[in-house]
Amino acid sequence: MTALQQKTTEVVDPVPGAGAPHLPDQPDLVQLLTPEGERVEHPDYRLDISDDELRGLYRDLALVRRWDAEATALQRQGELGIWASLLGQEAAQVGAGRALVDGDMAFPTYREHGVAWTRGVDPLHVMSLFRGVDQGGWDPVARSFNLYTVVIGAQTLHATGYAMGLQRDGAENAALAFLGDGATSQGEVNEAMIWAATFAAPVVFFCQNNQYAISVPIERQSRVPLYQRAAGFGFPGVRVDGNDVLAVLAVTRAALAAAREGSGPTFIEAFTYRMGAHTTSDDPTRYRLAGELEEWKLRDPIARLKAHLSRTGIAGPEFFAAVDVEGDELAARIRKGTLEMPDPAGTEMFDHVFAEQTPELAQQRAEFVEYHASFEGN
Amino acid sequence: MQTLTIGKALNLGLRKAMEDDGKVVLMGEDIGKLGGVFRITDGLQKDFGEARVVDTPLAEAGILGTAVGLAMRGYRPVCEIQFDGFVFPAYNQIVTQVAKIHARSRGKLPMPIVIRIPFGGGIGAVEHHSESPEAYFAHTAGLKVVAVSTPADAYWGIQQAIAAPDPVVFFEPKRRYWEKGEVDTDGTPDPLFGSRVVRGGDDVTVLAYGPMVKTALQAADAAAEEGRSLEVVDLRTLSPLDLDPVYESVRRTGRCVVVHEAPVTLGLGAEIAARVTEHCFHSLEAPVLRVGGYDTPYPPSKMEEDYLPDLDRVLDAVDRAMGF
């Protein structure tokens, strides 16, 4: 091993805590629920939460995972062009999504199905995107959930600009920008953090560090833990156990509250793991070891909440069985709805390019219609 | 009626747009305290405040990306790109986001963003300060692209672009910023997305936009002395193109020359030549000819006179068109 490699290892442990399910080497990691489901306290992040809310979070996590499994199956059966699985990241997404209040606006990447769920987006409106029917069928304004952004990191600037708009409107709300670990290397993400800091914009950057940007591990993106980057921009950075829905909820709530109160941005690194492939087109066996996945299964976000609910008696077998049934019903609805989704008319591609249609495009549309009409009756 | 420079007309047009609509926000580098490197936004921050005339960090992607977010919140951002050659860091946001969000959202998220770009050469500048990148944007679905050539169009055009519900890339002829013209601020402007015949003629139709309109008119004056009559059309809108008046003209003259500073290969002239050929095929006495920059990086300023189309190169093309 060269000196440089040794130094790298000292600065960044590629997967801190790998081989140890408790991630013991991360003193700054905010955790409220251990992988075994034991509730622990954190001096900076209290969470007062009712039993109903706890059961609600479990339901969110389980249903989102069931949706994700059905979508993966539908892609394998040729019914979706592609699917970006959130497997393993349910707690990070549900925790962040449930921290939002009315009037807050979320800016997802293309994997935030769990956040979409918390915003009341119909799963079929996400499925339609991956089936190739549209670019996302939900109303981003009505759902306060922007359309998916595929260009990595571009949405962090949109969130920041939106937050500047909130500021100008005197609105006591915040924007929540989602990004991944790979996105932190993008210039636009760094610009977004500079702008957010400079204008003290009410925006929270929520980074799900799932350890891989497709195949490239986190140490190729950063030589310091990601949450420490925030200090360089001049605002707080927090690393939270991304597989602990309670900790994510508490940390994100606190950051959003600070933003709404005028204290400016926070960077949250939700430390998690992509248990599946990047997308259904990917083969993770080419770039990571099976043992790693096994370790992370011990930190499963749903299993730990289930253990907590069971141990404390907040929920019992009947509740879990009912959620399973609800999940199967949801999956059946998603499957049926996806299979029955009508293909869009070709003319649709012309209709929303502009708010004010141009004569040129109107003519192309007319020619398209005429061309296709020429085959009718032949 | 007032006599204004193009720069001052833009300044007054921006002021009027900001008075008319409190959602108009100007964003750019050095546009506030300094008033912009060309002083186009002079005095506006003083009168409208720092929240409406924003001195931004030095980050063009940031300017356009945050403009998208502000537009989603109901604002009408007017982004100044300091020089043509500096638009490229923002290119990703313009092409992948600004241009596509209306279609992506099926109309739920309008993008009424104006991107002001001083463009073109002739000012003796260093690299990246003299370019004509309009074809990149005209090629991108979802953007509208205009270029003004007179103080009156500058005054009205900037207001029309800001009021437009779609993103508009607004090219300003920087070397003509100081040229004067009459502006009737009480008049009724022509539509933004329309071309205009600015000089009638019978022999050759010459098309130009932005800084080259003046060059084309000078060429027409010179040609008239030799007994040749050039019809000059100011295209004004580059996307969408408004070529019906051009077709009408070419059907009379049978000859067409397109002039722009941008390199000729795959420039606006190429598209115009294709369309004129398609629509006026049986009227053409000569192929559509293009006069433009060469396929070289914009050269050091001691060579720019050789690079830029001028009166003589326009007349040379006119001669060739007449010689067919």
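For the protein assembly as shown, the spread of Cα coordinates along the three principal axes comes to 99, 68, 57 Å, biggest extent given first. Working from Cα pairs under 8 Å separated by at least six residues, relative contact order for chain A is 23 percent. Legend: calculated FRET efficiency, residue A:321 to residue A:76, from the Cβ-Cβ distance at R0 = 25 Å, rounded to 0.05, equals 0.40.
In terms of other Cβ atoms within 10 Å, A:166, A:298, B:10, A:330 run from fewest to most in the order A:298, A:330, A:166, B:10. Suppose the chain between residue B:316 and residue B:229 were pulled fully straight at 0.36 nm per residue; how much longer would it get relative to their current alpha carbon spacing? Full-extension gain reported as 29.9 nm. By the beta-carbon count within 10 Å of each Cβ, the least crowded to most crowded order of B:238, A:29, fewest first, is A:29, B:238.
Specify the inter-centroid distance of the range A:89-131 and the range B:289-324, based on alpha-carbon positions, in whole Å. About 55 Å separates the Cα centre of the range A:89-131 from the one of the range B:289-324.
Once the Cα-Cα distance is subtracted from the 0.36 nm per residue extended length, the residue A:51 to residue A:363 segment shows a gain of 106.3 nm.
Among B:280, B:79, the order by Cβ neighbours within 10 angstrom, fewest to most, reads B:280, B:79.
Compared with the dominant principal axis of the Cα atoms in chain A, helix A:317-339 is inclined by about 30°.
The residues neighbouring residue B:252, those whose beta-carbon lies less than 13 Å from its own, together hold a net charge of -3 under the Lys/Arg +1, Asp/Glu -1 convention. Axis of helix A:51-76 versus longest Cα principal axis of chain A: the two differ by about 50°, to the nearest ten degrees.
The modelled label-to-label distance for the pair residue B:3/residue A:224, using points 7 Å beyond Cα in the direction of Cβ, is 6.0 nm.
Other residues with beta-carbon under 10 Å from the beta-carbon of residue B:152 carry, at +1 per Lys or Arg and -1 per Asp or Glu, a net charge of -4.
Where a number appears in this text, it was derived from the coordinates with a stated rule and is not lab data. Please read these numbers as outputs of a predicted model, since none were measured by experiment. Please note: Cβ atoms are built from the backbone with ideal geometry, for glycine as well, and neighbour counts cover all protein chains shown.
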